[in-house]
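Structure first, commentary second.
The values are calculated or read from the model by the stated rules, or taken from the named source; none is laboratory data. Everything numeric in this text was worked out from a predicted model, so none of it was measured. We place every Cβ from the backbone using ideal geometry, glycine too, and count neighbours over all the protein chains shown.
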Amino acid sequence: MDPVKILKRSWYILWSYRALWVFGLILALAAGGAASGNGSNNSYQYQQNRPETPHVNLTPQDMQQAYQEFRAELNRRFEQGIPEIDITGRELTTFLWIVGGFVLMMMLVGIVMTVARYVSETSVIRMVDEYEASGTKMTVRQGFRIGWSKTAWRLFLIDLIVNLPAIILVLVLLFAGIGLFFSVVNGTADFAVFGMVSGIVIVFLAIFTVVVLTIVLHLLRNFFWRISALEDVGVRESLRRGFSFVLENWKNVGLMWLVMIGLGIVWAFASIILVIVTIPVVVVTAVIAALISALPYLVFAGIFSAFLGGWLPWAAGALFIAPLFFTIAFSPWLLLGSWQMVYTSTVWTLTYRELKVLPAASVATEVPAAS
């Protein structure tokens, strides 16, 4: 297998097959766009420069008392509101209900985007495979038609299985934290200390194991998905054949995996430069986003003003209009993310196609030699 040839071919497909960009944008939106931030470094600097404070030993009784005081303060706020900023108890309750409605709306949007993500994953894999097989470029409409299938559901199930160790770890840590919290609140100090000490060791080992397992499973997922999408087989068969496929070609798979890690590092540095260079473009799109969002924002604020007073209707309106504004404002960076996702998917599709024909190619070269 020639990784350089695959990378060059994937680059050509990315720029010549524009219909793939639409599905790449959906994938970038579903993934939440580009990650940002040097927050951890800034926090570290703050901690380093901050004057030292005296060490305080918190006992379970102190935590229990703090929890009771928090509950009392919360109940008082719901009854009296926040007089410091002219918010009554009724307005505070109403605003929190509006926030809950926003969270529910975003959960529904998340479900829709999840469906769109796996439809798009299926479309990109099949469109690239068809282009390599016959040279035919599909339209966006045709791409949605081949993506909207049982395979998209299978890709979701495969992804769920791949992420299962991380999901289980999060749930275990969540329940362990809740149990430890209630043990402290109820005053069982000895058990709390024992659970805290033993929990740190168990959590460290569990996190290390899950991280390693997740890295391996995410590598295998590239082949699970393509076997399911291109061979049209079920989840169990995709997992079985995917494991066998990777074991048979572990050297080439490992080589391509290292190449993609190197490309990921290069992309991380390049994306920083691209983000800086495209800041003027983002400023323009932010102005466009503000103009587009202005009317819906006023409509939302007007509706909420019937239930809220002061500045709260404007805050609630901003909450509901924020997803639209940020999607349009940061669309150039979403486009960069979409190119990266389409390119990565194309590389793994071409890798799968290349590895499939390797055994046949090796047999074809051995036959003349034997004769």
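Sort out for me the helices (runs of 4 or more DSSP H) sitting completely within the stretch 3-49 that have 2 or more residues that are modelled with pLDDT of 90 or more and closer than 30 Å to LYS251 by Cα. Talk me through it step by step, then tell me what you get.
Details: elements: 3-16, 19-30, 39-49.
Here the list reads 3-16, 19-30.
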Candidate set: the stretch 285-324, residues that are closer than 24 Å to PHE23 by Cβ and free of Cβ contacts under 8 Å to residues at least 60 places away in the same chain; chosen: the one surrounded by the most Cβ atoms within 10 Å (Cβ to Cβ): ALA289
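Within the stretch 121-165, how many residues turn out to be of a type in the set (A, V, I, L, M, F, W, C) and not in a helix (DSSP H, G or I)? Explain how you work it out, then say what you get.
Of the residues in the stretch 121-165, the ones of a type in the set (A, V, I, L, M, F, W, C) are 124-125, 127-128, 133, 138, 140, 144, 146, 148, 152-153, 155-158, 160-162, 164.
Adding the requirement that they be not in a helix (DSSP H, G or I) leaves 138, 148.
Residues in the stretch 121-165 being of a type in the set (A, V, I, L, M, F, W, C) and not in a helix (DSSP H, G or I): 2 in total.
From the list VAL287, VAL253, which residue is closer than 22 Å to PHE326 by Cβ and among the β-branched types (Val, Ile, Thr)? If you could, list the steps in order and put the result at the bottom.
On the way: VAL253 fails: closer than 22 Å to PHE326 by Cβ.
Among VAL287, VAL253, only VAL287 is closer than 22 Å to PHE326 by Cβ and among the β-branched types (Val, Ile, Thr).
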Any hit, the stretch 236-244, residues being exposed (fewer than 12 other Cβ atoms within 10 Å of the Cβ), out of contact with any helix residue (DSSP H, G or I) (no Cβ under 9 Å at 6 or more places or on another chain) and farther than 29 Å from PHE144 by Cα: no
Residue within the stretch 330-340 that is closer than 30 Å to VAL4 by Cβ, at pLDDT 90 or above, in contact with a helix residue (DSSP H, G or I) (Cβ under 9 Å, 6 or more places away or on another chain) and not in a helix (DSSP H, G or I) present: no
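Can SER244 be described as of a type in the set (Ser, Thr, Tyr), closer than 30 Å to GLU354 by Cα and more than 26 Å from the chain's Cα centre (by Cα)? Talk me through it step by step, then tell me what you get.
Values: of a type in the set (Ser, Thr, Tyr): yes; closer than 30 Å to GLU354 by Cα: yes; more than 26 Å from the chain's Cα centre (by Cα): yes.
So SER244 fits the description; yes.
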Residues (among the small types (Gly, Ala, Ser), within 24 Å of SER338 (Cβ to Cβ) and either touching a residue at least 40 places away in the same chain (Cβ under 8 Å) or surrounded by 15 or more Cβ atoms within 10 Å (Cβ to Cβ) (or both)) located in the stretch 124-174: GLY143, GLY147, SER149, ALA152
Unique residue being among the hydrophobic types (A, V, I, L, M, F, W, C) and touching a residue at least 60 places away in the same chain (Cβ under 8 Å) when the list is VAL109, VAL115, VAL103: VAL109
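A quick yes/no check of all residues on (1) farther than 18 Å from ASP232 by Cβ; (2) modelled with pLDDT of 90 or more; (3) out of contact with any helix residue (DSSP H, G or I) (no Cβ under 9 Å at 6 or more places or on another chain):
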position	(1), (2), (3)
THR93	yes, no, no
LEU104	yes, yes, yes
LEU108	yes, yes, yes
VAL115	yes, yes, no
GLY143	no, yes, no
ILE167	yes, no, no
